Ligand SMILES: C[S@@+](CC[C@H](N)C(=O)[O-])C[C@H]1O[C@@H](n2cnc3c(N)ncnc32)[C@H](O)[C@@H]1O
C-alpha cells in the first residue's frame, strides 16, 4: 500500500524524523515559504498573548516560522509523531512555545477539554532566560493542560498526563503539510473550526496541485527523480512514496478551498508560492465565519 494512515503514518514519521531536517533543507524555499504563509495569517505584529496553534508541527520548522513572524504569540505546537516532536523539542525555543503530543483528530473545541492533564510539568527553562521553558504535554484526551511549566534548568521539558490536551479558543491555526496526511480532512477541519475564536484565522500551507498537467508532471518528476532516491537511501522510502501519492491524490487548490468553505470558513483564498512549488504548493487562508455556514 502506498498511502499511509493514522498510526502507521505516525510510525513512519517517527522513523524518518532523524533525516527530516536534512531533506527539507535541500528543498529550496522550504523555510522562507513557511514564513510567508505565517505572514499570510494577516495578524500583523502580534500583540502579547495572541494564541496560535501549529497543527502537525513536525520537527518544528513551521513552529519556527510562526515564532519568527509572530514574536508576541503563545504557540502551541501539536504533532502525532513522538519522534518528530522529540526532534522539535531538542531545539532552542522561547518560553512561549509549548509542544503537545496528540493527534489532530483528538483535539476538541474551545473550552471543551474534559481531562485534567498536567502537561508541561517538566517545562525546563528556555535557553534565553531562567523563566518558563517549552514543555511537551503528551496524551490523547481532551484535557486542559497547556504544557507550559515552571522552568528550572535549560532546554525544553516534557510533561505528561492522560488528559493532556489542547484548549481553544485560538486566534489562529497554522497547518503546514497536515491536511493531505489525515484520513478525514473534513473532520479535522471541523475540529480546527471549533478550536478557533470567532473571526480566528486559518492558514493551511499544503501541497495542493493547480490541476494543470504540467504541475502534476513536475511534482512526479521531482518525487521520483530526486526525493524518493534520497529518501530510500536513508531508509525512508515508504514515507516519501506516501508523500508523492498523497499529493497526487489530494484535493487541487480549488477543491481544497471549497472544502474549507464547506467547513464554515469564509474569506477563503488559495495563494500561490514562488519557485519550483508554483502550481504545486499553496497557502490556503481562511477565517472562521462569525456565524454558521448555510442559509441565513
Ligand atoms: C510533512 S510534516 C510537516 C511538519 C511541519 N509542519 C513542517 O512544516 O515542517 C507533517 C507532520 O504532520 C504530522 N501529522 C500527520 N497526521 C497528523 C495528525 N492526524 N495529527 C497530528 N499530526 C499529524 C506528522 O506526524 C508530521 O510530523
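Tabulated data
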item	result
Meets criteria (outside any helix (DSSP H, G or I) and over 17 Å from residue 175 (Cβ atoms)) for residue 235	yes
Any hit, segment 19-36, residues being more than 13 Å from the ligand (Cβ to nearest atom), in contact with a strand residue (DSSP E or B) (Cβ under 6 Å, 6 or more places away or on another chain) and either within 22 Å of residue 271 (Cβ to Cβ) or at pLDDT 95 or above (or both)	no
Some residue of segment 107-124 being more than 24 Å from residue 32 (Cα to Cα), at pLDDT 50 or above and more than 14 Å from the ligand (Cβ to nearest atom)	yes
Residue selected from segment 40-72 under the condition part of a loop (DSSP other than H, G, I, E, B) and within 16 Å of the ligand (Cβ to nearest atom), by the criterion nearest to residue 105 (Cα to Cα)	56
Those residues of segment 252-269 which are crowded, with 20+ Cβ neighbours inside 10 Å and in contact (Cβ under 8 Å) with a residue 40 or more places away in the chain, in sequence order	253, 256, 260, 263, 265
Odd one out for residue 6 among (1) crowded, with 20+ Cβ neighbours inside 10 Å; (2) modelled with pLDDT under 95; (3) near the ligand (Cβ under 9 Å from one of its atoms)	(1)
All positions within segment 161-209 that are within 12 Å of the ligand (Cβ to nearest atom), in a loop (DSSP other than H, G, I, E, B) and over 17 Å from residue 285 (Cβ atoms)	166, 182, 183, 184
Members of segment 165-185 found to be under 16 Å from the mean Cα position of the chain (by Cα) and farther than 17 Å from residue 80 by Cα, listed by number	168, 170, 171, 172
Complete set of residues in segment 76-87 that are within 12 Å of the ligand (Cβ to nearest atom) and either under 14 Å from residue 177 (Cβ atoms) or part of a strand (DSSP E or B) (or both)	77, 78, 79, 80, 81, 84
Every residue from segment 88-108 that is free of Cβ contacts under 8 Å to residues at least 40 places away in the same chain and part of a helix (DSSP H, G or I)	88
Where residue 4 falls short, out of the listed (1) in a helix (DSSP H, G or I); (2) over 26 Å from residue 285 (Cβ atoms)	(1)
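Here is a yes/no grid of residues against (1) crowded, with 17+ Cβ neighbours inside 10 Å; (2) under 27 Å from residue 65 (Cα atoms); (3) in contact with a helix residue (DSSP H, G or I) (Cβ under 6 Å, 6 or more places away or on another chain):
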| position | (1), (2), (3) |
| --- | --- |
| 197 | no, yes, no |
| 200 | yes, yes, no |
| 204 | yes, yes, yes |
| 217 | no, no, no |
| 229 | no, no, no |
| 235 | no, no, no |
| 243 | yes, yes, no |
| 246 | yes, yes, yes |
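The values are calculated or read from the model by the stated rules, or taken from the named source; none is laboratory data. Here the structure is a predicted model, which is why all the values come from computation and not from measurement. When we count neighbours, we look across all protein chains shown, and the Cβ atoms used for this are built from the backbone with ideal geometry, even at glycine.
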